[in-house]
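Computed from the coordinates by the stated procedures, all read-outs in this text should not be read as laboratory data. Owing to the predicted nature of the structure, the values given are computational and were not obtained by experimental measurement. Cβ sites come from the backbone with ideal geometry, for glycine too, and all protein chains shown count toward neighbours.
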Amino acid sequence: MARQSLALLKLFDEFVAACLLLGFEAGKTAALQKLAMPETSGIDVAYVAKLARLNLDHEEMQLFRKQLGDVLKYAEKLSEVDVSHVEAAAHAIPVFNVFRDDEPRDWFTAQQALSNAPRKANDLFIVPKVVE
């Protein structure tokens, strides 16, 4: 059942990503506002479960209807937060390039690189054929 709950949450996240691609600017809350999500009692859990390829019995559908409703209520609650002064960001924390500068330096010669090769010819590695 936990796996199915994770599948439903993943499906919800994919829904939000699709909303962002369609131009809904502020994430989950804006996506939910723009699409005017139905009330908790109107959530079609059977349809969502079908999209997630889940086979749910009646008891599980009732449980997931409540859980999905709780997620949507929380998202609605988040829409009350004023984020007009917050700059849009792709990451929650700053991301920096941690790679070194690409500068030329001394490296192995062809002979040094091939010195431990089991098979070699014409300064190339000989390897078994893997594609027919």
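Once you sort the root eigenvalues of the Cα gyration tensor of the stretch 52-126 as a ≥ b ≥ c, which label holds: rounded (a/c under 1.5), prolate (a/b larger than b/c) or oblate (the other case)?
Working: a/c = 8.27, a/b = 2.02, b/c = 4.10.
Cα axes put the stretch 52-126 in the oblate bin.
When peptides 70-83, 111-124, 87-100, 43-56 are sorted by average Cβ neighbour count within 10 Å, with the highest value leading, the order is 43-56, 70-83, 111-124, 87-100.
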